[in-house]
1. Select from A:59, B:299, B:175 the residue farthest towards the positive end of the dipole of the protein assembly as shown; place +1 on Cβ of Lys and Arg, -1 on Cβ of Asp and Glu, and compute about the Cα centre.
2. Kindly write out, for the range B:296-307 in residue order, the coupling ³J(HN,Hα) from the Karplus curve 6.51 cos²θ - 1.76 cosθ + 1.60 (θ = phi - 60°), rounded to whole Hz, with x marking Gly and Pro.
3. Once you have a ≥ b ≥ c as the square roots of the Cα gyration tensor eigenvalues for the range B:331-397, tell me rounded if a/c is under 1.5, and otherwise prolate or oblate according to whether a/b is larger than b/c.
4. Run the helix sum for chain B: -39,500 (n - 2.57) per DSSP H stretch of 4+ residues, divided by residue count, reported at 222 nm to the nearest 500 deg cm²/dmol.
5. Classify the protein assembly as shown: rounded, prolate or oblate, from the alpha-carbon gyration tensor (a ≥ b ≥ c, eigenvalue square roots; a/c under 1.5 rounded; otherwise prolate if a/b is larger than b/c)?
6. Using the Karplus curve 6.51 cos²θ - 1.76 cosθ + 1.60 with θ = phi - 60°, what ³J(HN,Hα) values do you get for each residue of the range B:71-85, in whole Hz, with x for Gly and Pro?
7. Bin by bin, in steps of 5 Å, what percent of the Cα pairs in the range A:66-168 do you find, going until the bin that has the longest distance?
8. Anyone know which of B:181, B:314, B:394 comes out most mobile in the 10 Å Cα GNM of chain B?
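The values are calculated or read from the model by the stated rules, or taken from the named source; none is laboratory data. No experiment lies behind these values; they were computed from the predicted model shown. Heads up, the Cβs are rebuilt from the backbone with ideal geometry, glycines too, and the neighbour counts pull from every protein chain shown. The protein model used for the area step is the full one, side chains on, heavy atoms only, and it has no ligands, DNA or RNA in it. Shrake-Rupley method; radii C 1.70, N 1.55, O 1.52, S 1.80 Å.
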Amino acid sequence: MAKWGMAIDIDRCDGCNACVVACRAENNVPIAGPEQTEKGRAIEWIRVERHVEGEFPNVRVRFVPVMCVHCDEAPCVKVCPVSATYETPDGLNAQIHPRCIGTRACGQACPYTVRYFNWGEPSWEAPLEQTINPDVAVRWKGIMEKCTFCVQRIRRTNDQARDEEREIRDGEVQPACAQACPAQAIVFGDREDPESAVSKLSESPRAERPLEELGTGPRVVYLKKGGWGDGVRPGSSD
Amino acid sequence: MTASGRDRAIEESLLRPVFETGRGVWITVGLLVAVIANGAYQWLLQLQDGMVIAGMNQPVYWGLYITNYVFFIGISHAGTLISAILRLTQAEWRRPITRAAEAITVFALLMGSSNVLWHLGRPELIYVPLLSPQLLSPLIWDVVCISVYLLGSITYLYLPLIPDLAILRDRSPRLRWFYRLLALGWQGTSRQHQLLERAIGVMAVAIIPIAVSVHTVVSWVFAMSLVPMWHSAIFGPYFVVGAIFSGIAALLIAMAILRKTFHLEAFLRPIHFNNLGLLMLTMACLWFYFTFAEHLTVWYGNEPDEIAVLNARLYGPFSTAFWSMITCCFIIPLGILSFKRTRTVIGTVVASCAVVVGMWLERYIIVISSASYPRSETMWDGGVYTPSLVEISLTAAEFAAFVLLFIVFAKLFPIVSIWEIKEGDERDIDAVTDILERESPGGAVRRPD
């Protein structure tokens, strides 16, 4: 069975936010509006952070897409009193929405702050309610939600491959963010397969795992600093 | 005065507050009910609209409700733990204060755990953790410990109440059926007394580890996570010390109010305030020691994520709360309670009020400041926590309900244990007679037989 993982090349990210929009459309992420966003209540399964490095005049701004890193040893899984969040056999940290009772312990325990709570009833202003993706459940007030690595796409591809009696090909599953990224900065695939792009990128000297020192074992790898020319991305070179 | 005359006088003055209710009590009850009604209304609004009307956000997923939860469960240590320790060490001065302490425990626990109801995103599913618990979650440990503690402290409040319930059954002008039911056919035989004493003894021993476990586990809800300045091994004992500390303060305030309004000056004497004051002084020093050790370690370690929280406390947005806490929890009680001259009824009450405020601030700072500075490199605009109307209303309602429950209890049952006072009285008279007989020169002559 595949163990899913992701590599994000932040040297390629220009902060266009296409991933954020794609994720919102694919996963029925509700729109909070400016007032609630100001209060820190926006839901963004993926968000683009701006990290400023260095001091004037040698300043560099990096754009960093941030989402749930689907930890190997997830702090959120441990603290949930009702097992509403758990780890699937193929290495996803899944959230069972109907089971969640809203203690928000997972949100508080997550060192990456990538779990989002439905503070109120989610809503879509007309005509956006007609864009809702039928493959993904709409959540309701009082529960947690977060990035699923587009589990609906993984399952669909899984079924398809099984019907055709073959393995899933590298790059066949693409989460909405990876699919929408014009710079191809986001690569998704099987971490267990040493030949997959995501495995090779994870071996790159540019690779680092966020807050790895905490021992959470994040399954999202960031590539940065540039100039190393690892050139393993299919159909492109650095 | 003869022995039976003394007994009757004790009974009269302790039953008077149960049988007679002045206008002041009714006015207070009315005000408290109004505050509770407002809280209930605000909660309805929150149920309707969701947590969006509370002040919480990302990254401060836990706010005032969790603060109050920790605070009230801390207050609950007043009782049972203090009363159990005093009973076990046979401190005679415990007699007039154990019942009030035990009542505080039960009501504070009820108030503390009710916060879960307003805190949950889906309170209608509050029973789910009981049906399918995930045993690795510290929240489940909490559910277990607090349930055991609640049952234990209700038992521990009830057992020593039985002989007094029998007195009420025989003497009360109203609700006799109620007292008869609760008195379990108490006749005051020596066999019954023996059994009761043994049961109380067992409960007093059992309740101490339970109480310690409760606040330790409450601290583990925080300490088990990797959040900066929560992830600390010292948290268990630190929370237990803070709990006993705030518990004593709450008890002292309750005693002072009872003494004044119920005219119990003869029972709740300056010596009781003096002794509890000394106990509180000890806890103030212990509390400061823990606080100092905790913050010094973080400062010296200089780990960036932890320092962000520490700086927010020492100089940042939480500095007012932090330094008020240090003043209220250490400087004020130390200044007042260190000197015999100021360790009076008024002195200890002033110190206690400071401690209650300070300990609430401590819980607030621990919960909110760490939650506000998560480990993730927050280059995004996270929320800043400000308590909202619904949270403040529910906090006020909790305090009001706590006081109301206490008043109702004191109006139904004698708030100072009648039989234990009598027992102590007899013991004192026996001891004095004994001394007179054995040691005073005329003792042998005065011997009656």
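1. Result: B:175.
2. Once θ is set to phi - 60°, the couplings for the range B:296-307 become 5, 4, 5, 4, 5, x, 6, 6, x, 5, 6, 4 Hz.
3. Details: a/c = 5.92, a/b = 2.19, b/c = 2.71.
Note, shape of the range B:331-397 comes out oblate.
4. Values: 19 runs with 327 residues, N = 449.
For chain B, the value works out to -24500 deg cm²/dmol.
5. Working: a/c = 2.75, a/b = 2.38, b/c = 1.16.
Prolate, because a/c is 1.5 or more and a/b exceeds b/c.
6. Calculated HN-Hα couplings, in order: 4, 5, 5, x, 4, 4, 6, 3, x, 3, 5, 4, 5, 5, 5 Hz.
7. Going out from 0 Å in 5 Å bins, the range A:66-168 shows 2, 11, 19, 21, 19, 13, 9, 5, 1 percent.
8. Per the Cα network of chain B with a 10 Å cutoff, B:181 tops the list.
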